[in-house]
1. I'd like to verify a number: residues in segment 2-11 that are loosely packed, with under 15 Cβ neighbours inside 10 Å and closer than 20 Å to Leu66 by Cβ, how many?
2. Only one of (1) modelled with pLDDT under 95; (2) crowded, with 19+ Cβ neighbours inside 10 Å; (3) not in a loop (DSSP other than H, G, I, E, B) fails for Thr14. Which number is that?
3. Pairs under 6 Å by beta carbon, first residue under 19 Å from Tyr79 (Cα atoms) in segment 10-37, partner assigned to a loop (DSSP other than H, G, I, E, B) and among the small types (Gly, Ala, Ser), six or more apart or different chains?
4. Which one is modelled with the lowest pLDDT among residues in segment 64-95 that are in a helix (DSSP H, G or I) and either surrounded by 15 or more Cβ atoms within 10 Å (Cβ to Cβ) or among the β-branched types (Val, Ile, Thr) (or both)?
Amino acid sequence: MINQSPFRAPSIETATRFIQADDAVLLTEDGVYGAQSGQKHSDLIKNAMANNDVYVLGPDVKARGLEGKLLDGIKTVDYEGFVDLVEKHNVNTWL
């Protein structure tokens, strides 16, 4: 789970170095900026998507005006989907 903006913290760079095949990545809060297409961190997320499901928390995307601006293949979850992911996976929060 990544909740920090890629423009303020190295969370996305760090997390993408350590994720394993079939790990899920969830971007929440300002971390959703990492899923935006056409920015300098797009390639990190695209590479992660080759072997991993990458999710964003829908209400955080909406709150930041990023609807329709995300990379193709990013999956959006609501709060219920967030809980489902937490129940299914071991959770690490990247600061």
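The values are calculated or read from the model by the stated rules, or taken from the named source; none is laboratory data. Worth saying up front: this structure is predicted, and the values here are computed from it rather than measured. In this analysis, Cβ positions are derived from the backbone assuming ideal geometry, glycine residues included, and neighbour counts consider all displayed protein chains.
1. Applying the first criterion (loosely packed, with under 15 Cβ neighbours inside 10 Å) to segment 2-11 yields 7-8, 10.
Within this subset, residues satisfying the condition of being closer than 20 Å to Leu66 by Cβ are 7-8.
Counting residues in segment 2-11 that are loosely packed, with under 15 Cβ neighbours inside 10 Å and closer than 20 Å to Leu66 by Cβ gives 2.
2. Answer for Thr14: the failing condition is (2).
3. So the pair list comes out as Asp30/Ser5; Tyr33/Ser5.
4. Quick first cut of segment 64-95, residues in a helix (DSSP H, G or I) only: 79-88.
From what is left, the residues that are either surrounded by 15 or more Cβ atoms within 10 Å (Cβ to Cβ) or among the β-branched types (Val, Ile, Thr) (or both) are 81-83, 85-86.
Values: Gly81: 97, Phe82: 96, Val83: 96, Leu85: 95, Val86: 92.
Ranking the qualifying residues of segment 64-95, first place goes to Val86.
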